[in-house]
1. Can you work out ³J(HN,Hα) from phi for every residue in the stretch 170-183, in order, using Karplus 6.51 cos²θ - 1.76 cosθ + 1.60 and θ = phi - 60°, giving whole Hz and x for Gly and Pro?
2. What pairs from LYS117/LYS185; LYS14/LYS44; LYS219/LYS287 go past 18 Å between their alpha carbons?
3. Report the relative contact order of the chain, percent, no decimals, based on alpha-carbon pairs under 8 angstrom and at least 6 residues apart.
4. Cut-off 10 angstrom, C-alpha nodes, Gaussian network model of the chain. Which of VAL255, VAL246, VAL187 fluctuates the most?
5. Given the protein chains as shown and a 1.4 Å probe, how many square angstrom of ASP115 are accessible, to the nearest 10?
6. In what sequence, largest accessible area first, do MET1, MET171 appear using a 1.4 Å probe?
7. Could you please state, rounded to a whole Å, how far the C-alpha centre of the stretch 210-227 is from the C-alpha centre of the stretch 68-130?
8. For the stretch 243-251, what does the Karplus curve 6.51 cos²θ - 1.76 cosθ + 1.60, with θ = phi - 60°, yield as ³J(HN,Hα) per residue in whole Hz, taken in order and with x for Gly and Pro?
Amino acid sequence: MRNVTQDNITDVFKGYMAEGMDPRLREIMGALVQHLHDFARETKLTHAEWQQGIAFLEGCAAIETEDRHEFVLASDVLGLSSLVDMINSRSDATSSSVLGPFHVSGAPPLEVGGDMKRNFGGPVLLAEGVIRDTDGNPIPGAEIDIWQTAPNGLYASQDEAQDTFSFHGLMNVGDDGRYAFTTVKPVEYTVPTDGPVGGILNACGRHPWRPSHLHFIVKAPGFRSLVTEVFPDDDPYLDQDTVFGVREDLVMHYVEKNAADFPEGMALSGTVTDPWLSVQFDVTLAKETG
Ligand code: BEZ
Ligand code: FE
């Protein structure tokens, strides 16, 4: 096509794609370019604004490393990561939530009843629950990969003062599907703001805070793996998570209990002298289909 116009350029683009190309890629590229072109037409995008967009992408690429995923962060604060999560969630399972950039593979094993708090200060939190199938039966041997921030609001990979795997643990549940571990109550924290994504948040008058949370990846053979989080119901940022990760079924009440009521059989049993917090968070996994 030599007479390309504002009105036909989208169809011209679609016509340039080869007949024999992968049909799903054709669908995705066609829809992507349709929306991109509509966006430019609708907003009457100027050259300067287009250049700003390109500079943003180049800025993300410039700081991208193995430990710094600015493009993923951009997707997170634009709500795209959460939207993809929700589109692909099963309604009969526990809701999924953002993975975020701070998961690390190879976390050390954590026994049921084990402790992630170690010698860090802050309120003891006992997190426990049962991993079940959609009929309510426990899933023996399910695996839970757990991670969270230290009391300073930093993940181990962001903080040279912490061991690589501090506040990371990998637990295999027993036949009763039950998990339990102690930790420090997580704190709210900000997503990284020293890159181009921080600039966008600032320009939009948005804050960078996430409500406090524990991250879980729950896996079991024959079931769909679940990436999720659990939030306390009194967190000030629950209704304004900057990465849109909060779902109603992931918000739990953390109950304050007396030291004397700390249960037997935990790594910290007999050592807890202050009031502590308890959260019960059961997880439902959906069967893998197809
Ligand atoms: C997190 O919860 O670890 C996280 C999620 C999205 C962006 C940044 C951090
Ligand atoms: Fe997090």
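1. 10, 10, 10, 7, x, 5, 7, x, 8, 10, 6, 7, 9, 7
2. Where the Cα-Cα span goes over 18 Å, the pairs concerned are LYS14/LYS44.
3. 21 percent
4. VAL255
5. Approximately 40 Å² of ASP115 is accessible to the 1.4 Å probe.
6. Descending order: MET1, MET171.
7. With the stretch 210-227 and the stretch 68-130 each reduced to a Cα centre, they are spaced 6 Å.
8. 10, 6, x, 7, 10, 3, 6, 9, 9
The values are calculated or read from the model by the stated rules, or taken from the named source; none is laboratory data. What you see is a predicted model; the values in this text were computed from it and never measured. Note that we place each Cβ from the backbone using ideal geometry, even for glycine, and neighbour counts take in every protein chain shown. Just so you know, the surface numbers come from the protein's heavy atoms only, side chains and all, with ligands and any DNA or RNA stripped out. Shrake-Rupley method; radii C 1.70, N 1.55, O 1.52, S 1.80 Å.
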